Amino acid sequence: MTGTTILALLQRFRRRDREAAAPLYAAVVAKAREPHWYLEGAAPDTLDGRFDMVAAVLAMVMLRIEAEPPGDVAAATLSKDLTERFVDDMDAQVRQIGFGDIVVGKHVGRMMGMLGGRLGTYRDGIAARDLRDGLIRNLWRGTPPSDQAARYVSDQLQALHASLASVPLTALREGRLA
């Protein structure tokens, strides 16, 4: 084996840096906690509402990363790192609420499933240029807010998605969303 082959093999089995996507994830959470979502957008300022805003903003970032050409290693790595960061955060949040080790995995798994469902729903909404149906189902848990609030959140998320299109992956990894 050559030195390059051995190095490549070792890199493959090296433990990933758990903090690699920390700046990006912190930017996602900060964006999701901006007051305008809860004031003008009437997002519920509850544990579920805050989770759903993080999931919505995270979905916009994931859709941006997904727009990279298939097989792009940097995009795949960033997506994986960001997902792992989300899992780490949800694990910590569930534990902080007081759930024990036995049920933490179930709750985090459920949250991952919810994120995946929202990603698909918001992908469809972006294509249709209207996220309101998905937002009503997810963010407002089936109870529609005023049309003005629903339109506000939909428009703001679509604007975020559009602005992310011009942000290079290296800037995203550093936590720059615009």
Isotropic mean projected area of the C-alpha convex hull, segment 39-81 (nm²): 3.7 nm²
Spin-label pair Asp45/Met112, simplified geometry with 7 Å Cα→Cβ offset, distance in nm: 3.3 nm
Whole-angstrom Cα spans of segment 118-178 along principal axes, big to small: 39, 22, 19
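None of the figures in this text is laboratory data; all of them are computed from the coordinates on show. Owing to the predicted nature of the structure, the values given are computational and were not obtained by experimental measurement. Note that each Cβ is placed from the backbone with ideal geometry, even for glycine, and that neighbours are counted across all protein chains shown.
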